[in-house]
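Undergrad: First, the structure itself, so that you have it in front of you.
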Ligand SMILES: [Zn+2]
């Protein structure tokens, strides 16, 4: 495994996985709190998280924080 790839898998400090519910279809999905790319609902395609350069802006309803 190339070293630069393995670095990607190390979580950043204070980053978390957050379980959110899609406000449009009710689908529950886990998103990364510091997502670097927009996360969309797997069912309806609604944006659930938007990257901001730091902590992602969560658009859905937060159900649970996993860590
Ligand atoms: Zn949805």
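The values are calculated or read from the model by the stated rules, or taken from the named source; none is laboratory data. All figures in this text were calculated on a predicted structure; none of them were measured in a lab. Quick reminder, even Gly has a Cβ in these numbers, built from the backbone with ideal geometry, and neighbours come from all protein chains shown.
Condition check ((1) over 22 Å from residue 14 (Cβ atoms); (2) touching a strand residue (DSSP E or B) at 6+ places or on another chain (Cβ under 9 Å); (3) within 10 Å of the ligand (Cβ to nearest atom)) across all residues:
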{"position": "29", "(1), (2), (3)": "no, yes, yes"}
{"position": "35", "(1), (2), (3)": "no, yes, no"}
{"position": "42", "(1), (2), (3)": "yes, yes, yes"}
{"position": "45", "(1), (2), (3)": "yes, no, yes"}
{"position": "52", "(1), (2), (3)": "no, no, no"}
{"position": "55", "(1), (2), (3)": "no, no, no"}
{"position": "58", "(1), (2), (3)": "no, yes, no"}
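Residue-wise test of (1) touching a helix residue (DSSP H, G or I) at 6+ places or on another chain (Cβ under 6 Å); (2) surrounded by fewer than 11 Cβ atoms within 10 Å (Cβ to Cβ); (3) at pLDDT 95 or above.
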position	(1), (2), (3)
1	no, yes, no
26	no, no, yes
34	no, no, no
39	no, no, yes
42	no, no, yes
